[in-house]
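Following: one structure in structure tokens, then a few remarks.
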Amino acid sequence: MSRLKKNFTLVAFILAVSLSGNAQKMSKDETAVRQIVQQVQDAWNIHDGKAFAAPFAENADYVVVNGLYLSGREAIEKGHIQIFTTIYKDSRNIAAVQSVRFLRSDVAVVHVKWNLEFSVGGEPKKATAMNTMIMTKDKGKWSIAAFQNTPVETGSR
């Protein structure tokens, strides 16, 4: 093996080892954050308002796609119990995490694209929304501190 090839291999190995250490530390928190998104999705799809609200902080802020502002986990739970027994009782909502960015080791901004399927008067409907979640970590546990939902117009990214 040529000297240049040996040096390149050594540099590549050192870089891979150093990056994997950082990725493992970050991936633990990113995995936890992504699990919260999954928990929200799963609760929506079984139409459980209490489970939906569970990963939110006690004093969370929540802005619905129509601009309605809710304050606190209890209000989020009650609002979702109401919609899960009416317009969204047979709905399905699929999350696709677009990005996770850590502002600090205990604060993350998460962007999630939601694809909602529901029906109105027996007619199938679809809606897409882009959601911004601010998650915070307190005593080793992540929760959603703020949630902003924005409808995506057809043809938009």
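Computed from the coordinates by the stated procedures, all read-outs in this text should not be read as laboratory data. All of these numbers come straight from a predicted model, not from anything done at the bench. Don't worry about glycine lacking a Cβ; one is built from the backbone with ideal geometry, like all the others, and counts go over all protein chains shown.
One decimal place: the segment K28-S105 gains 26.6 nm when fully extended, by the rule 0.36 nm per residue minus the C-alpha distance. What number comes out for the charge environment of E74, summing +1 per Lys or Arg and -1 per Asp or Glu over other residues with Cβ under 11 Å away? Cβ neighbours under 11 Å give a net charge of +1.
For E58 and Q98, the difference between the fully extended length at 0.36 nm per residue and the C-alpha to C-alpha distance is 11.8 nm. Other residues within the sphere of radius under 12 Å centred on the Cβ of N115, judged by their own Cβ, net out at +3 (K and R +1, D and E -1).
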